[in-house]
Each structure stands twice: as C-alpha cells, then as structure tokens.
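Laboratory data are not the source of any read-out in this text; all were calculated from the coordinates shown. Because the structure is predicted, anything quoted here is derived from the model rather than measured. FYI the Cβ positions are ideal-geometry reconstructions off the backbone, even for glycines, and counts take in every protein chain you see.
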Amino acid sequence: MAGGCEDYWQETGVAGVPVRYCRCGAGSPVVILHHDIGCPDRAAFAEALSASHDVLMPVHPGFGLGSERAEWMRSVRDLAVLYRGLLAGLGIGRATLVGLGFGGWVAAEMASMAPADVDRLVLVGAMGLQPREGFILDQALVGYIDYAQAFFKEPAAFDAVYGREPTNDQLEAWDICREMCFRIAWKPYMYSQTLAPLLGSVTAPALVVHGADDGVVPADCAAQYAAALPDARLETVADCGHAVALERPEVLARLVQDFIGE
Amino acid sequence: MHLMYFTEQPMSTYPADKGLEFGATALMFSNRYFDPVDGSRLYNEFLEQYLYAEEVGIDGIMLNEHHNAPFCMQAKANIFAAILAGMTEKVKIVMLGNPLPLSENPVRLAEELAMIDMISKGRLVSGFVRGGGQEQLAAGVNPAYNRERFEEAHDLVVRAWTETGPFRFEGRHYQNRVVNPWAVPLQKPYPRVWVPGVISRETIVWAAEQRYPYIALNTSIADTKKIWQTYDDVALEAGYEAGPENRGYLIQVHVSDNEEKAIENARQFRWMQGEFTGLAHPVWSTPSGYSSPRNRRAFVEFAAGRRANPRGQTSFEQQMEDLRIIAGTPDTVVPKLRRILEETRPGILALWGNDGTVSQEDSMTCIRMIGTEVFPAIREIAKELDLKSPFEAEAPVSIRYSTDLKAPAAAAE
C-alpha cells in the first residue's frame, strides 16, 4: 500500500444515497465499519489489514462533512441493510466484518440478518446491547471534544489522531455525526432491544475485542456478545480505551489477522 | 394594543452557591435543591400576581413552561392556564407556549387546550413553541426531529380542533388511529395561535406563512426590525400585508415608585450569571440537529469555547442602554417603551415584570403600576400610532381563514 488507503476513495449509490468508501489491498474481503465519531483520515489499522486483504471501509452516510445523509433512515438496522446493498452492488458475496464501537453494532446487525454472508465477525468495543450495569456513554450530555477524548485511555493517543486542538472542521464533523446518531439511535440510546436474540443465528466464528479501559462501552456489552454469539472468543486489549483501532492499531491488526487466518 | 404581564416563575430560593459549584443551573443541576415548601409558597405567590394583574386592568397573562431548571417553575403551562381559566373573568390566557415536539400525543394537548378554552369562556390564546434544547433532553425527545415534530403536531392539533371526528392521522412522527376528541374549543374556527421566538429564522418564516403573530422575546430593537423584515417579506409572498396585529414583543420591564429601587430590582433580570435559562453546557441548550444547519459552525465553536455565544451575552448596563431591560418609575419607563413602540410597531406587548429574588411586595407594586399607570399611557400611544392587536384588527386566526389574500407580488408583475 504505497500511497496509503486515502488514495483509494470511491463513491457509489445505494438506496438513493451516495456512499463513500475506501477500498484497497488484495485478498479475502474485510469490511471495516467505523465509530460514531466518524472515519478518521489516518487509518493505520485499515492499512495494516490491506497488506493481506481486500479492505473496504465505507463512511456511514450522514457521518461527517460532505457525507450525505439518508433522510429516510430511522434505525441502525436500516444502516445495516444499506450496507448489505453496498456489498451486493460491489459483488462482495461473503466478507469478514470488523465493527468498531458503533460500527460493531452495525456489523452485528449485518451478521444476524444474513449469517451465510459472513466469513468472520470481529466486534471491537461494540455498542448495540444494553449493558446490565452502567450505561453506554451518552454523547448528548457531553461536549464534542470531551466525548472523543473519552474514546482513548491516553490523552496522547487522542492528540495523535485528532491533534491537541481539533480543528473547527472536525468539531463540525462531530456535530454532524452526532445528529445522525440521534436520528437513528436516540431511544433507546445506542442499543437495540431486538438484537440479542437474533445473535444466536450467527454462524461465523466471532472475535469480541474490548479495550481494558473502555470509558464509552461497559465491558459487560462485550461479555454479552461473547455469550450470545454461538462461536465467539473474547479478547481484552490491555492499556487501551474504547477506540482500539486508533489507540492500538498494530495490536488489533495482529489479533484480526491471526483470527482470520485461523 | 394587547397588553400582558409575564413572569418566568423563578425558583428563586435554590442555593446559588451550589449552582456555581456544580457549574450549571440547568438540566443536570440536581433537584435535591428544589425545596417544595418554598415551591408551594412561590406557586401561590405567582397565582396571587396573576389575579392582581387582572384586578389592575391588564389584558392578558402570558404563561410558558420549562423543565429541569430553577429559572422557570412551570413544568406544565396548561396547569396554570387551567387554574386561571377558572379563577379569572376577563384576562386572556396567553400560552407562549406549549412545546409541541415534547408531546407524544398532540391530540391530548388539543383536548387540554379545548378544555381551557371552554372553562375560560373563550379566553385562550394558544401559542406553540419548539421547546428549548434542554427540554428535548429532559423529555427524552429526539432533537434531530424537533422542527418536523413541531409542524406535524401543530397540524394534528389544528385538525383535531377544526375537523369533525372521527378521522385517522398518519404522519411521520404521529400516527393516531382515531382522532375524535370530546372536547373542542369554544372559539371558532379555533383559538388564536401566537408563536414566540428568539433567533430561528425558520420559525419566523413558518409563523408568517401561517399568518400567526410572532412574539419576539426580548430581542434588541435592531434584531426586532430584522425579524419584522423577514416576516413582512414572507407575508407578501403569502398574499397579505403584515402589520402591528402580526407583531408581538416581550420585554423585561421593572416598575417601581422609586428609580433606584427599580434599577436594583432590575438587576435580578441578570440572576444566574445573566443566563436566563440557567448556566448550562452549550451542547445541552443546542443538541445536535436541534438548530438550523446554518448555525452549526457558530454553535460548535461556541461549544468548544472558541467564540462568543451566537445568542449574544451582554452586560446589565448594555441591556439597559439597548432598552432590552427597562427599569424605573412610570414617568421614565413610558417614554422608553414609546420609543420601542415607534421603532418596532407591535400590536401585542408583554412586560416581564420581575425575576430572581425580587420580593413579592415589590412584584405586586410593579404589577399595580404597570396596570394603573404604564399601560393606560401605552394604550394612548398605541392609539396615536395605530397599533392594533389581532383582536382589535379582527385579524383572521390563520392564513387558511383569510379572505383578503392577494396574488403574490411576484406573480402579479
């Protein structure tokens, strides 16, 4: 990947909405679904995977500057169905799904609605299930920077991705992401009441990853995913917050590559 | 001219130091500091103020509601409206207003308002608002659909008031299998709807399209004029010429028999550090999706502490200078109000008489002087300036009931 993934941005229409995506690398297909705070330009984790896989990283429609939202979209399941359409349109029949945080919820929905089309399922700090203790951190109550900082254990790791003083464009992008989250995941906030029973249908082997210091999604969500998915393994990444792919990209890339290679 | 009295109903006995310590006096500032003994006393004092306002000849009582904050004790404006419907004889009960998007069943709201209208023998003015950002969070209502819910709930309420039931309503946010309320308004075609607001251009445009009077909430003279320009332009497009009967204005005015005391009490308009909706995190007052996308950049920069509040934040002295706060004896207050009337030409005027810790005695003095000295003078000025209220102008309730619409100017050319 000489030029990095950023050289591979394309766009296609799905359900009347333009969907931007980055596609790079060669090998078995891996779909990476990003966090609720958008898709950062610097995607070391995706680049690492693209060394051995055909990596597809779409930007959730309506998440960020220049990403047109689907006015009709009302649930995270709608987004998952849209992505099923994206994969079909690109001729990707069966793929490994890697969902990061909010994207983990999307991946879990995609896996449960079409179990035969999932090669491997990787959920990293996945939202989507109601924790039995505590709550998924509610961005409606905290500032933009505070929320994004809560994704990291180490402030330096946040700075490395977003800068010590995130730009005003970044703030605006976070507000747009936040609005889209509200549009599709307001109530109940960031979880589904109908996903858990459907996870039993997933046939693909699953890797459930959780940052040991995740301050956004309680560890119980990972425990529930690991218990509900029929063939799942739980891995905890030490010294890491919610955004494992951003704070420990090399560790996550190795975990995922090993898991896919098993 | 329709002349009203307004109070925010401040929960003035909360420990201010606790608010400062917590860093907020809204949404998440704990209600452990709400003392119901004080609350009971204050609610009854406010009721006493309203009854006195009628006694001294004030035309209307303006009511509102807010949630989770000491700046306003009314958690449901319809409750005070219902009390006043039964306890008063003449005053208009002017609700500015019911926050429509917070309602999960607007038909129930239509029923409550119809009851208030009937009990008051047709004295209801039923204003509607979007509700503040914090209200959406307090009520768990999606801020991203605020405006859609506002417009759709309005349509449902008006249909429930004007169409014979039963009928079915299938909206985007509201679906009602059987709309058939056995409570309909006394006033026909339906009670007057006035729409208050501060900065949202979309709301001004919507009000003008409906031909509903817009009530500018304590805006500066310059901003008020801009609001009327927007309103008037939309009105012409819609086929009517807007006038004083389409314009309302709320202003903070404290009247006393003593200039110094008036100014001292007027400082209470800036209680809670001048944040009249309380100290709060910007993302609470403007949750994502609540505000117009055109304000997005300004709000995110404000939220990150990188620019001043786009809603403006000025000192007490500057507000006095700008005539957004007026304080004094009737002799000094009336000429200042005259200037506002001359410059902005409203047909509806509400005086927000007191706030914060102003004593009940001083509040009652203020109401007495407004009713017996200030408003009689304002009525004379209004006659001289030909400022007619919607009632005096016999303005249609809405555009749908207008019989004087002209072809839009552009089309006529």
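For chain B, with a Gaussian network of springs between Cα atoms less than 10 Å apart, report the residue from B:Phe316, B:Phe167, B:Phe29 with the top mean-square fluctuation.
In this elastic network of chain B, the residue with the biggest mean-square fluctuation among B:Phe316, B:Phe167, B:Phe29 is B:Phe167.
Relative to the present Cα-Cα distance, how much length would full extension add between A:Gln193 and A:Gln257 at 0.36 nm per residue of separation?
Numbers: separation 64, 0.36 × 64 = 23.04 nm, distance 3.16 nm.
Here the segment from A:Gln193 to A:Gln257 would lengthen by 19.9 nm.
Semi-axes of the equivalent ellipsoid of the protein assembly as shown: what are they in whole Å, largest first, if each equals the square root of 5 times a C-alpha gyration tensor eigenvalue? Write out the running numbers ahead of the final one.
Values: eigenvalues 570, 143, 103 Å².
Value: 53, 27, 23 Å, ordered largest first.
Please report the antiparallel percentage of the DSSP beta bridges confined to region B:2-412, to the nearest 5. Walk me through the numbers before you get to the answer.
Details: 3 of 37 bridges.
Looking only at bridges with both residues in region B:2-412, the antiparallel portion is about 10 percent.
Suppose only helical runs count, i.e. DSSP H with n ≥ 4. What mean residue ellipticity at 222 nm does that imply for the protein assembly as shown under -39500 (n - 2.57) per run, divided by all residues and rounded to the nearest 500 deg cm²/dmol? Don't skip to the answer; put the middle values down first.
Details: 26 runs with 266 residues, N = 675.
-11500 deg cm²/dmol, from helical runs alone.
Note down the net charge around B:Ala327, summing +1 for each Lys or Arg and -1 for each Asp or Glu among other residues with Cβ under 10 Å from its Cβ. Present the calculation step by step, with values, prior to reporting the outcome.
Working: positive: B:Lys261, B:Arg267, B:Lys336; negative: B:Glu259, B:Glu260, B:Glu264.
Taking every Cβ under 10 Å from that of B:Ala327, the sum is 0.
Provide the convex hull volume over Cα atoms per residue for chain B, in Å³.
On the way: hull volume 59.7 nm³, N = 413.
Value for chain B: 145 Å³ per residue.
Would you tell me the mean number of C-beta atoms belonging to other protein chains that fall within 10 Å of each C-beta in B:294-306, as a whole number? If you can, show how the numbers build up before the last one.
Working: counts 0, 0, 5, 5, 0, 3, 12, 3, 0, 7, 10, 2, 3.
Partner-chain Cβ atoms within 10 Å, mean over residues of B:294-306: 4.
Taking beta carbons within 10 Å but only from partner chains, what does the mean come to for residues A:138-146?
5
With a point put 7 Å past each Cα toward its Cβ, work out how far B:Asp386 is from B:Val198 in nm, to one decimal.
Calculated label separation equals 3.5 nm.
Which value in nm describes the separation of the simple spin-label points at B:Tyr401 and B:Ile263, placed 7 Å from the Cα toward the beta carbon?
4.7 nm
Which lysines, if any, have their Cα less than 25 Å from the Cα of A:Lys153, not counting same-chain residues under 8 positions apart?
Those lysines meeting the cut-off do not exist here.
Within region A:64-94, list the residues whose amide N lies under 19 Å from a label point set 7 Å along Cα→Cβ of A:Ala116.
Correct set: A:81, A:84-94.
Please report the relative contact order for region B:2-412, taking Cα pairs under 8 Å with a sequence separation of at least 6, and give it as a percent rounded to a whole number. Could the numbers behind the result be given before it?
Working: 764 pairs, mean separation 83.5, N = 411.
For region B:2-412, the relative contact order is 20 percent.
Please rank B:Leu42, B:Leu341, fewest neighbouring Cβ atoms within 10 Å first, as an exposure proxy.
Numbers: B:Leu42 18, B:Leu341 21.
Final ranking by Cβ density, sparse to dense: B:Leu42, B:Leu341.
May I have the pair-distance distribution P(r) for chain A, computed from all Cα-Cα distances with 5 Å bins from 0 and rounded to whole percent?
In order of increasing distance, the bins hold 1, 6, 15, 20, 22, 19, 12, 4, 1, 0 percent.
Please state the charge dipole magnitude for region A:5-261, taken about the Cα centre, from unit charges on C-beta atoms (+1 on K and R, -1 on D and E), reported in debye and rounded to the nearest 20. The partial results should precede the final answer.
Details: 18 positive and 32 negative charges, 155 e Å.
Dipole magnitude for region A:5-261 comes out near 740 debye.
Counting other C-beta atoms within 10 Å, which of B:Ile116, A:Ile260, A:Ile176 has the fewest, and how do the rest follow?
Values: B:Ile116 26, A:Ile260 20, A:Ile176 23.
Listed from fewest to most nearby Cβ atoms, that is A:Ile260, A:Ile176, B:Ile116.
Can you give me the distance in nm between label points at A:Ala156 and A:Ser28, each placed 7 Å from the Cα along the Cα-to-Cβ direction?
In this crude label model, A:Ala156 to A:Ser28 measures out at 3.6 nm.
Taking R0 as 22 Å, what FRET efficiency do you get between B:Lys76 and B:Arg177 from their Cβ-Cβ distance, rounded to the nearest 0.05?
Values: r = 26 Å, r/R0 = 1.16.
The value I calculate is 0.30.
B:Thr13 to B:Glu209: FRET efficiency via 1/(1 + (r/R0)^6), r the Cβ-Cβ distance, R0 35 Å, to the nearest 0.05? List each step's numbers first, then the result.
Details: r = 43 Å, r/R0 = 1.23.
Rounded to the nearest 0.05, the efficiency is 0.25.
Would you mind ranking B:Arg123, B:Arg338 by Cβ crowding within 10 Å, fewest neighbours first? The partial results should precede the final answer.
Values: B:Arg123 23, B:Arg338 17.
With the sparsest Cβ surroundings first, the list reads B:Arg338, B:Arg123.
Restricting to Cα pairs below 8 Å that are 6+ residues apart, what does the relative contact order work out to for chain A? Please round to a whole percent. Could you put the intermediate results ahead of the total?
Working: 554 pairs, mean separation 53.8, N = 262.
After rounding, I find 21 percent.
In straight Cα distance, which aspartates and glutamates are under 19 Å from B:Lys388, not counting same-chain residues fewer than 8 positions off?
B:Asp59, B:Asp232, B:Glu241, B:Glu245, B:Glu342, B:Glu343, B:Glu380, B:Asp404
Take peptide B:129-137, look around each residue's Cβ out to 10 angstrom, count Cβ atoms belonging to other protein chains, and average those counts.
Numbers: counts 0, 0, 0, 0, 1, 0, 0, 3, 3.
Mean shielding count: 1.
Could you tell me what percent of the DSSP beta bridges with both partners in region A:5-261 are antiparallel, to the nearest 5? Don't skip to the answer; put the middle values down first.
Numbers: 10 of 34 bridges.
Among the beta bridges of region A:5-261, antiparallel pairing accounts for roughly 30 percent.
Using packing as a proxy for protection, rank B:59-70, B:371-382, A:94-105 so that the peptide with the highest average count of other Cβ atoms within 10 Å comes first. Walk me through the intermediate numbers first.
Working: B:59-70: 24.4, B:371-382: 18.4, A:94-105: 27.0.
Per-residue Cβ counts within 10 Å, averaged per peptide and sorted highest first, yield A:94-105, B:59-70, B:371-382.
Which pairs break 32 Å Cα to Cα here: B:Lys121/B:Lys261; B:Lys18/B:Lys225; B:Lys121/B:Lys336; B:Lys121/B:Lys383; B:Lys383/B:Lys406; B:Lys18/B:Lys92?
Those over the limit are B:Lys121/B:Lys261; B:Lys18/B:Lys225; B:Lys121/B:Lys336; B:Lys18/B:Lys92.
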